[in-house]
Amino acid sequence: MTMDESSAVPLDPYAATLARKWMAATVLLRNAAGEVLLVDPTYKPLFELPGGAIDENEPPRAAARREVREELGFDRPVGRLLGMDWVPPKPGWPDGMILLYDGGVLTDAEITAIRLPPEELAGWVFAAPDQLSALLPEHMVRRVTACLSALEAGTVASLEDGHPTW
């Protein structure tokens, strides 16, 4: 096999012993009223933030921007990191990390331009912070609430399953 036939490089022996985690990047987008944009996945019972898995060798911020483009149909730069949330393992899944970025306030034109991939997303809604618990799993309510607070305070939320670590 030549170098051109494979880009795989054997891992350093120490690197091969390190734990593997999945990673995802999500984006907190809002409207002028301060409501949070949630999307309705076709494969889950509740809503979630736009975002998804970070691909191999993909920078997290680039993944967040790509996910907005793929899920909402428009290209928009993402802002600063608002939170990092460690997600505990569950049957069939290792633990992971979710990075949540500030997507800013959408313009009316961007809201009108939203185009969802029908095989992945059934709809979208803007929700006020006090409506989140009816639409999101509890750990995501904690995550979004902490990141809204971090946005206002100019800080970054450090979370474990949505719970602050400080």
request  = Could you tell me whether any residue of the stretch 145-154 is assigned to a helix (DSSP H, G or I), closer than 14 Å to Leu37 by Cα, modelled with pLDDT of 95 or more and open to solvent by 50 Å² or more (accessible area, probe 1.4 Å)?
outcome  = yes
key: Residue check, Ala62 at pLDDT 95 or above and in a loop (DSSP other than H, G, I, E, B)   = no
query = Looking at the stretch 24-50, which of its residues are small (Gly, Ala, Ser) and crowded, with 17+ Cβ neighbours inside 10 Å?
reply = Ala24, Ala25
message = Whether any residue in the stretch 108-121 is open to solvent by 70 Å² or more (accessible area, probe 1.4 Å) and among the β-branched types (Val, Ile, Thr) is what I want to check.
response = yes
ask   = Within the stretch 44-59, which residues are over 18 Å from Thr145 (Cβ atoms) and either in a loop (DSSP other than H, G, I, E, B) or in contact (Cβ under 8 Å) with a residue 40 or more places away in the chain (or both)?
value = Lys44, Pro45, Ile54, Asp55, Glu56, Asn57, Glu58, Pro59
task = Filter the stretch 55-78 down to the residues that are surrounded by 23 or more Cβ atoms within 10 Å (Cβ to Cβ) and touching a helix residue (DSSP H, G or I) at 6+ places or on another chain (Cβ under 9 Å), then identify the one that is farthest from Arg142 (Cα to Cα).
result = Leu72
request  = Taking only the stretch 67-98 into account, find how many residues are farther than 14 Å from Leu29 by Cα and free of Cβ contacts under 8 Å to residues at least 24 places away in the same chain.
outcome  = 4
key: Number of the exception - Phe126 against (1) part of a strand (DSSP E or B); (2) crowded, with 16+ Cβ neighbours inside 10 Å; (3) in contact with a helix residue (DSSP H, G or I) (Cβ under 8 Å, 6 or more places away or on another chain); (4) not acidic (Asp, Glu)   = (3)
request  = Provide a single number: the residues in the stretch 95-130 that are hydroxyl-bearing (Ser, Thr, Tyr) and under 17 Å from the mean Cα position of the chain (by Cα).
outcome  = 1
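The values are calculated or read from the model by the stated rules, or taken from the named source; none is laboratory data. Quick caveat, the model's predicted, so the values are computed rather than measured. Cβ coordinates were reconstructed from backbone atoms using ideal geometry, including for glycine residues, and neighbour counts include every protein chain displayed. Heads up: the accessible areas ignore ligands, DNA and RNA and are worked out on the full protein's heavy atoms, side chains in. Shrake-Rupley method; radii C 1.70, N 1.55, O 1.52, S 1.80 Å.
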